Amino acid sequence: MKFFVFTLCFLSIVFTQSFSIEKNPCISNDVCCEKNEPGPFAFAYPKDASLECPKNFYLSASFLWMAFYEEGLEYAINVNGITSQKEKLDFKPGFRVCFGFDKHPFSVSASWTYIRIKDDSMAQPGTDGLLGLFLPPETGSLTGASSRISGDFNTLDVNISKPYHVSRYFISNPKVGIQAAWIDQDYHLRYYTINRKHNVYNKNDFWGIGLETGYDAEFIIGKNFTLYANVLSALLFSKFDISQIAQTLTIYNYQLSESFFKVIPNAKIGLGFTWSRMFEKKTIKAKLKVGYEFQQWWSINQLRRPMDTDPSAFKSVARNDLTFNGLVVSLHLDI
């Protein structure tokens, strides 16, 4: 009987060891911290930076090289109507800083984005003359026109997310949060007649706060390389402060000031590549990201155009969106 029990126990141990899943030999034996490693058949598990004794903190700094264009800034048109002078904005620099921390099972982050807005333009009359679009139609033909726009674009995003592996080669990261934005623009127009200069000063200031939702995806394509994509959209309860003053040497002076509230949507989408590497005995993970980004802000330009000498005959510009697109280069550190 004892021999039978001994034999049964021995065979049970051998059978268990033969068919059990071995421990991953690459798991660190560092005693300063313990990590829950996913099994080989895990389907969805939290994203892991593979750091030794992580402090669960990360930060990043990005350089932005953005081309931006704002609709509704046409300031002069040829009398024959064939061509119009439109304000076209070139590439300008900006930056984005972000920091966050991981608190299982969520990640909390905050980021600030800034882009400088500045551009100059000139318009020359054709054979039939030039008309100013921010002057009453009765002003008459011009000998020339110029414009200068300057301003600052700022956004602050605070969100909570849950990054996790859907598989070993794909990381999903849905997120929700709060977005605040403030955009200040000064638009100075100069209209020229014979021996005269007429100035029109425009201010288009915006601020808003609201809810945002987004999604980040990472496709692991190699040991140190990933392909990333992200989308973000927000609805902001916003306030506009509009001021327009025309100082001319004729009777066609006007002054307009208005404040009002609106709900303004915006969206952002980006795509790029990431290269990563471990440093300091796997206690720091650095990532270099290079990608391209698009931003669309609807109904940002709320300036008015005079339709008559009547002070009440003003109409908002028909197309008034603000767009950005350009290169984004980021340095990201996981600690």
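Observations, loosely collected:
- Of all residues making up the range 131-171, the number that are free of Cβ contacts under 8 Å to residues at least 60 places away in the same chain, among the hydroxyl-bearing types (Ser, Thr, Tyr) and closer than 22 Å to Glu70 by Cβ: 3
- Verdict on Leu303 being touching a strand residue (DSSP E or B) at 6+ places or on another chain (Cβ under 7 Å) and either modelled with pLDDT under 90 or over 19 Å from Trp65 (Cα atoms) (or both): yes
- Filtered residues of the range 164-176 (kept if small (Gly, Ala, Ser) and either surrounded by fewer than 16 Cβ atoms within 10 Å (Cβ to Cβ) or closer than 30 Å to Lys203 by Cβ (or both)): Ser167
- Looking across the range 113-152 at every residue that is aliphatic (A, V, I, L, M) and more than 30 Å from Ala181 (Cβ to Cβ), the one that is modelled with the highest pLDDT is identified as Ala145.
- Taken together, the residues in the range 266-289 that are loosely packed, with under 14 Cβ neighbours inside 10 Å and without any contact (Cβ under 8 Å) to a residue 40 or more places away in the chain amount to 2.
Yes or no, residue by residue, for (1) hydroxyl-bearing (Ser, Thr, Tyr); (2) farther than 30 Å from Ala76 by Cα:
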residue	(1), (2)
Ser233	yes, yes
Asp241	no, no
Arg277	no, yes
Phe294	no, no
Ser316	yes, no
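- Selected residue [under 17 Å from Tyr187 (Cβ atoms) and touching a Phe, Trp or Tyr at 6+ places or on another chain (Cβ under 6 Å)] from Asp241, Asp321: Asp321
- Residues that are touching a strand residue (DSSP E or B) at 6+ places or on another chain (Cβ under 7 Å) and either more than 27 Å from Leu322 (Cα to Cα) or exposed (fewer than 14 other Cβ atoms within 10 Å of the Cβ) (or both), drawn from the range 240-251: Gln247, Thr248, Leu249
- Exactly one residue among Tyr187, Tyr228, Tyr215 is under 18 Å from Ala267 (Cβ atoms), crowded, with 17+ Cβ neighbours inside 10 Å, of a type outside the set (A, V, I, L, M) and within 25 Å of the chain's Cα centre (by Cα), and that residue is Tyr228.
- Those strands (runs of 3 or more DSSP E) of the range 192-292 in which at least 2 residues are touching a Gly at 6+ places or on another chain (Cβ under 6 Å) and among the polar types (S, T, N, Q), considering only elements entirely within it, cover 225-247.
- Flag for Ser150 being under 30 Å from Ile221 (Cα atoms), under 22 Å from the mean Cα position of the chain (by Cα) and assigned to a strand (DSSP E or B): no
- With respect to the conditions (1) surrounded by 15 or more Cβ atoms within 10 Å (Cβ to Cβ); (2) more than 22 Å from His104 (Cβ to Cβ); (3) modelled with pLDDT under 95, Ile194 lacks only one, and its number is (1).
- The listed residue being without any contact (Cβ under 8 Å) to a residue 60 or more places away in the chain, under 30 Å from Gln124 (Cα atoms) and not charged (D, E, K, R), out of Tyr201, Tyr215, Tyr191: Tyr201
- Note on the range 220-242: residues that are more than 30 Å from Lys203 (Cβ to Cβ) and modelled with pLDDT of 95 or more amount to 5.
- Residue check: Pro311 meets all listed conditions (1) over 20 Å from Asn154 (Cα atoms); (2) at pLDDT 95 or above but one, namely (2).
- For the range 146-154, the condition holds for at least one residue, the condition being that it is out of contact with any Leu (no Cβ under 9 Å at 6 or more places or on another chain) and not small (Gly, Ala, Ser).
The values are calculated or read from the model by the stated rules, or taken from the named source; none is laboratory data. Quick caveat, the model's predicted, so the values are computed rather than measured. With ideal geometry, Cβ positions are generated from the backbone for all residues, glycine too; neighbour counts draw on all protein chains shown.
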